[in-house]
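Notes to accompany the following structure.
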Protein chains: 2
Amino acid sequence: MADRIVDAASLKAQTTRIFERLGLPEADALVVADHLVEADLRGHPSHGVIRVPTYVTACREGRINSRPNIRIVEDHGGQVVMDADNGIGQLAAFRANELAIERGKAHGMAGVALRRSTHCGAMAYYAIRAIPHGLIGWATTNAGINMPPTGGTQKLVGNNPFAMAVPTDRPWPMVLDMATSVVAGGKLQVARAKGQPIPLGWALDRDGNPTTDPHAASDGSLLPVGGPKGYGMALMFDVLAGVLSGGRFGAGLGEQGSGQFFMTIDVGRFMPLDQFKARMDELIDQLHGCPTTAGVEQVFVPGEIEHAIQATRLREGIPIEATVLDALDRLEHELDG
Amino acid sequence: MADRIVDAASLKAQTTRIFERLGLPEADALVVADHLVEADLRGHPSHGVIRVPTYVTACREGRINSRPNIRIVEDHGGQVVMDADNGIGQLAAFRANELAIERGKAHGMAGVALRRSTHCGAMAYYAIRAIPHGLIGWATTNAGINMPPTGGTQKLVGNNPFAMAVPTDRPWPMVLDMATSVVAGGKLQVARAKGQPIPLGWALDRDGNPTTDPHAASDGSLLPVGGPKGYGMALMFDVLAGVLSGGRFGAGLGEQGSGQFFMTIDVGRFMPLDQFKARMDELIDQLHGCPTTAGVEQVFVPGEIEHAIQATRLREGIPIEATVLDALDRLEHELDG
């Protein structure tokens, strides 16, 4: 579990080379690499380059299409449906999100639903891209089913996450990115790796009993945040990402397949962007000025901590597990052969 | 705490008369009464006619304007800002939501932000109204501040709720309506009335300590659902309802003033409505077929239980606390004088 420090640029270059060697055009490989390295930069390694070996295997086994024909299948200006042709999620979702941004500027609001996509990483990545355009960005995806509905014992909904990003006058946008489970699946992985128990309330074992054993939890199910609230939100996000996109949803979700929904709102259609940002500044100042509980130095707004980590890591490099870096080296060498 | 059974039509007629006598035109009084009685019909008495005396007092004291000039202040077709002129929230929000429905049909998606509004009741009421038009409905409001941000000790965010309603082929839409606190404030009221303790994790006392005393909790603060998740969502909904509307937000929220945001998405721009509903049916069937935990008869989807209660109460009448009905009688008589 030892980390090595790598700089973002060389990590991105290596990741790009790996995806190029899988058959992706350079520009597309760069899109995927940029996403993965940004997740590592922002302190979310579970959505970073640690995923590369899984994606490579899926591409080699044909579960992910490395030369997808990502295309528009329904176009009403501000409402678009796209088909990802089983392409790698980070690429297909990037394209759908870029279209949501373009159409949001043109129409004031836009929604792009993406079907036949695959795991597309951190939802914050997409929402954040709306910010330089003066848009509020919103993104959701359905995930492999890993939670029971409230009152049920069978896994039937994913802990479908969503992200929302809002322009501010600060060097960072306000960004919320959350799964609809009590904790993301990655926290079970961490507990397993460390040999530590998990708190009651995070997960159930395969028989539906509460458990503190992260191994039993991984064989079982996650629990929705706030019970029926998390269940309800997970379901609603599946409605947008799965049902409305024309893709797979609910129990129909396999390991790789998923759908996404990207939405943008043009702030300038409601009030001048500068005025909006000044109001956001006031809101942020209020929160920063909040007295804190014992042991807490400062109250943060969503996305602020991630931005600080990103700034540090851009300067000083990203700590990545040595085993992950070794795997990247091996893959790059293998794919070269 | 004894209930009497009243039929919905006469409760609505009486409530309408009360608001007419406050100076509202009959059509507007009907809108307000319809909202309040629907909340009682759907089993959410905390947003029902129990609120009438508070609204009447606020109207008489001028904190709510009973003859408001509710108007559009910014109009870009699919994006509209309205000013409620401190009118009663149920009326102003109804108008803004009707516009979101009309504009959603015209443009495929629409967002209407409402400023200078007041408490507008159950958000589900608005989202549900989009359903007969083949739209997905979405509504949020900011509320008086009642939660500390994560890591903070001072109340700075409201437990801002949102609702989302989705068309189905069933006699009921799928409707999620949830506050961003662990529990809604009404549950503290119920515990106080019954003299029962509340579970740890619902609320803090005024010194920021966890409490099981519902009285101490009412003097203190609610807790956000899922910690930073609930805090983040509450903040994002304040951004839409408060910051983007040009109304009050954050610490600027007084007891009465609030803002709202209504959004609609036209299903037919993504796929034929019939096809969408058939897909929703499949999703609902999956959930209904889920094996249940001990003591649970059936898994429900959000909004299903409320619809069943509504159907029963339309047939058999609504149980309302006798003290509430007495207060309505008194108010009607007083306002007649």
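Results, tabulated for the structure shown:
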{"read-out": "Residues being of a type in the set (S, T, N, Q) and under 14 Å from the mean Cα position of the chain (by Cα) - total across region B:10-64", "value": "1"}
{"read-out": "Residue check, B:ASP75 outside the structural domain of B:HIS333 (by TED's automatic domain parsing), out of contact with any strand residue (DSSP E or B) (no Cβ under 6 Å at 6 or more places or on another chain), surrounded by fewer than 21 Cβ atoms within 10 Å (Cβ to Cβ) and of a type in the set (Asp, Glu)", "value": "yes"}
{"read-out": "Matching residues, region A:118-138, being in contact with a helix residue (DSSP H, G or I) (Cβ under 8 Å, 6 or more places away or on another chain), over 15 Å from A:LEU91 (Cβ atoms) and either in the same structural domain as A:GLY48 (by TED's automatic domain parsing) or crowded, with 24+ Cβ neighbours inside 10 Å (or both)", "value": "A:ALA124, A:ALA130, A:LEU135, A:ILE136, A:GLY137, A:TRP138"}
{"read-out": "Some residue of region A:151-168 being more than 13 Å from chain B (Cβ to nearest Cβ), open to solvent by 30 Å² or more (accessible area, probe 1.4 Å) and charged (D, E, K, R)", "value": "no"}
{"read-out": "Long-range neighbours under 7 Å by Cβ, at least six apart or interchain, first residue under 9 Å from A:ASP213 (Cα atoms) within region A:182-202, second acidic (Asp, Glu) and in a loop (DSSP other than H, G, I, E, B)", "value": "A:PRO197/A:ASP213"}
{"read-out": "Selection count where residues are open to solvent by 50 Å² or more (accessible area, probe 1.4 Å) and in contact with a helix residue (DSSP H, G or I) (Cβ under 6 Å, 6 or more places away or on another chain), scope region A:169-189", "value": "2"}
{"read-out": "Filtered residues of region B:284-310 (kept if of a type in the set (Gly, Ala, Ser), open to solvent by 40 Å² or more (accessible area, probe 1.4 Å) and under 16 Å from B:VAL175 (Cβ atoms))", "value": "B:ALA308"}
{"read-out": "Candidates B:LEU240, B:LEU235, B:LEU222 - the one that is more than 11 Å from chain A (Cβ to nearest Cβ) and surrounded by 23 or more Cβ atoms within 10 Å (Cβ to Cβ)", "value": "B:LEU222"}
{"read-out": "Whichever residue in region B:243-255 is in contact (Cβ under 8 Å) with a residue 12 or more places away in the chain and open to solvent by less than 40 Å² (accessible area, probe 1.4 Å) and, among such residues, is farthest from the other protein chains (Cβ to nearest Cβ)", "value": "B:GLY254"}
{"read-out": "One residue from A:ARG170, A:ARG116 being among the charged types (D, E, K, R) and under 27 Å from A:ARG67 (Cα atoms)", "value": "A:ARG116"}
{"read-out": "Answer from A:LEU188, A:LEU223, A:LEU176 - the residue that is within 27 Å of A:ILE88 (Cβ to Cβ), of a type outside the set (Ser, Thr, Tyr) and over 16 Å from the mean Cα position of the chain (by Cα)", "value": "A:LEU188"}
{"read-out": "Cβ pairs under 7 Å, 6+ apart, first in region B:298-319 and more than 11 Å from chain A (Cβ to nearest Cβ) and in contact (Cβ under 8 Å) with a residue 40 or more places away in the chain, second in a loop (DSSP other than H, G, I, E, B) and of a type in the set (Lys, Arg)", "value": "B:GLU306/B:ARG42; B:ILE309/B:ARG42; B:GLN310/B:ARG42"}
{"read-out": "Residues located in region A:108-117, provided they are within 14 Å of chain B (Cβ to nearest Cβ) and open to solvent by less than 10 Å² (accessible area, probe 1.4 Å)", "value": "A:GLY108, A:MET109, A:ALA110, A:GLY111, A:VAL112, A:ALA113, A:LEU114"}
{"read-out": "Where A:ALA217 falls short, out of the listed (1) on the phi > 0 side of the Ramachandran plot; (2) open to solvent by less than 40 Å² (accessible area, probe 1.4 Å); (3) outside the structural domain of A:ASP266 (by TED's automatic domain parsing)", "value": "(1)"}
{"read-out": "From the options B:ASP281, B:ASP274, residue that is within 30 Å of A:GLY108 (Cβ to Cβ) and either within 14 Å of chain A (Cβ to nearest Cβ) or surrounded by 16 or more Cβ atoms within 10 Å (Cβ to Cβ) (or both)", "value": "B:ASP274"}
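The values are calculated or read from the model by the stated rules, or taken from the named source; none is laboratory data. Please read these numbers as outputs of a predicted model, since none were measured by experiment. With ideal geometry, Cβ positions are generated from the backbone for all residues, glycine too; neighbour counts draw on all protein chains shown. These accessible areas exclude ligands, DNA and RNA; they are computed on the full protein's heavy atoms, side chains included. Shrake-Rupley method; radii C 1.70, N 1.55, O 1.52, S 1.80 Å.
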